[in-house]
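J.: Below are the structure tokens for one structure; questions will follow.
The values are calculated or read from the model by the stated rules, or taken from the named source; none is laboratory data. Every value quoted in this text rests on a predicted model; they were computed, and no experiment measured them. FYI the Cβ positions are ideal-geometry reconstructions off the backbone, even for glycines, and counts take in every protein chain you see. The accessibility values were calculated without ligands, DNA or RNA, using every heavy atom of the protein model including side chains. Shrake-Rupley method; radii C 1.70, N 1.55, O 1.52, S 1.80 Å.
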Amino acid sequence: MTLREHIIELRNRLVVSVAAIVVGTIAAWFIYDQAFHFLTSPFVESVRQLNPQPGEKRPELTLGGVGDALTFQIKVSALIGLILAGPIWLYQLWAFIAPGLHRSEKKWTFLFAGIAAPLFAGGMAVAYWTLPKGIAILISFTPESVQNLVDVQHYLDFVIRTMLVFGVAFLIPLVVVLLNMVGLVPATALSKFRPYIILVIFVFAAVATPSGDPFTMCLLAIPMCLLFFIAEVICRINDKRRSRKTEEMLAD
């Protein structure tokens, strides 16, 4: 294909992807109430955990402007539309890249994509589960004379950012395996620096978690450590396989 043909193909695939996202956004508009309940449930649960006494000021989600409700609904619908259209725009991306890959590269791409998706989803699920506890701890620092009114749009950004951080964190061991397969990170190095890596994981978890309390930190750090140990075992097996293959080639 010529450069012009590549550009035309890219344009066509972008049009299909954008159209799918628009259709997904329109569909999401009709399930907005359920989506809003899902996104705000951690906040409602956090207020319940705080157990405010009768007459005590309760934290509340608020909208600050006349048009903020409409803006927020559009924002949430667009986010859900992007997720609903994920299979379509991901396929369009793959279909554009795939012709330039060798057969073995396509096989590894499918394998790692199949592993990355559940890992990322698992990280986001852990984040959603820990959010009520984290939000409750953060809100508990509000002085008694002050009512905590949380802007809904800022709250949404906080929830999405937290879930993305957890999702990406769960992908780090997969990246380690990828680096090992291309020969950049040997298993011996992982074993040598294991105590320091575990320390870095806990420091990262302390910084990345929304509340910074030990409970929430461990809910991120412990699965990351387990995934790292699994990645180290895979790297060790891969290094032995690579070493055996090299010895056979030398013997021939």
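J.: Counting Lys and Arg as +1 and Asp and Glu as -1, each charge on the Cβ, what is the dipole of region 1-150 about the Cα centre in debye, to the nearest 20?
T.: Numbers: 11 positive and 9 negative charges, 107 e Å.
About 520 debye.
J.: Based on the mean of other Cβ atoms within 10 Å per residue, sort peptides 149-155, 59-65 so the most packed one is first. It would help to have the intermediate numbers written out before the result.
T.: Numbers: 149-155: 16.0, 59-65: 13.9.
Sorting 149-155, 59-65 by mean packing, highest first, produces 149-155, 59-65.
J.: Would you mind counting up the charge near Val152? Only other residues with Cβ under 13 Å from its Cβ, with Lys and Arg at +1 and Asp and Glu at -1. Walk me through the numbers on the way to the answer.
T.: Details: positive: Lys75; negative: Glu60, Asp68, Asp151, Asp157.
So the environment of Val152 carries a net charge of -3.
J.: Tally up the carbon and sulfur contribution to the accessible surface of the chain as a whole percent, 1.4 Å probe, everything protein left in place. Could the numbers behind the result be given before it?
T.: Details: 11140 of 15740 Å².
Solvent-exposed carbon and sulfur of the chain make up 71 percent of the total.
J.: Right, something else. What FRET efficiency would be calculated for the residue pair Val23, Asp157, taking the C-beta separation as r and a Förster radius of 30 Å, to the nearest 0.05?
T.: On the way: r = 25 Å, r/R0 = 0.84.
Plugging the Cβ-Cβ distance into 1/(1 + (r/R0)^6) gives 0.75.
J.: Right, something else. Length gain on complete extension for the stretch Tyr91 to Ile198, per 0.36 nm per residue less the alpha carbon to alpha carbon distance?
T.: Numbers: separation 107, 0.36 × 107 = 38.52 nm, distance 3.62 nm.
Gain on stretching Tyr91 to Ile198: 34.9 nm.
J.: Kindly provide the helix-only [θ] at 222 nm of the chain, computed as the sum of -39,500 (n - 2.57) over DSSP H runs of four or more divided by all residues, to the nearest 500 deg cm²/dmol?
T.: Working: 10 runs with 199 residues, N = 252.
Value at 222 nm, helices only: -27000 deg cm²/dmol.
J.: Within the chain, how many Lys pairs that are eight or more residues apart, or on different chains, come under 29 Å at the alpha-carbon? Don't skip to the end; give the middle numbers.
T.: Working: Lys57/Lys133; Lys75/Lys133; Lys106/Lys240; Lys106/Lys245; Lys107/Lys240; Lys107/Lys245; Lys192/Lys240; Lys192/Lys245.
Lysine pairs satisfying the spacing and distance rule in the chain number 8.
J.: Continuing with the same structure: From the backbone phi of region 8-19, what are the Karplus-calculated ³J(HN,Hα) couplings (6.51 cos²θ - 1.76 cosθ + 1.60, θ = phi - 60°) in whole Hz, Gly and Pro given as x?
T.: Values per residue, Gly and Pro as x: 5, 5, 4, 4, 4, 6, 5, 4, 4, 5, 5, 4 Hz.
J.: Dividing the Cα convex hull volume of region 170-252 by residue count, how many Å³ per residue is that?
T.: Details: hull volume 6.2 nm³, N = 83.
Each residue corresponds to 75 Å³ of Cα convex hull volume.
J.: Place the peptides 228-235, 89-96 in order of packing, highest mean first, counting for every residue the other Cβ atoms within 10 Å and averaging per peptide. Intermediate values should be presented prior to the final figure.
T.: Numbers: 228-235: 17.2, 89-96: 15.5.
Averaged packing, sorted descending, gives the order 228-235, 89-96.
J.: Skipping prolines and chain starts, which residues have an amide H placed within reach, meaning under 5 Å, of the one on Val150, given they are 5 or more residues away or on another chain?
T.: Glu60, Leu61, Thr62
J.: If you don't mind, another one. Can you compute the modelled spin-label distance between Asn238 and Ile115, with each label point 7 Å from Cα toward Cβ, in nm?
T.: In this crude label model, Asn238 to Ile115 measures out at 0.7 nm.
J.: Quick check: Cα centre of region 3-78 to Cα centre of region 196-252, how many Å?
T.: So the separation of the two Cα centres works out to 34 Å.
J.: Could I ask something else about it? Per residue, how much accessible area does the chain show when a 1.4 Å probe rolls over the protein heavy atoms, in square angstrom? Please list the in-between numbers first.
T.: Numbers: 15740 Å² over 252 residues.
Using a 1.4 Å probe on heavy atoms only, each residue of the chain averages 62 Å².
J.: Give the span of the chain's Cα atoms along each principal axis, as three whole-Å numbers ordered largest to smallest.
T.: 84, 51, 24
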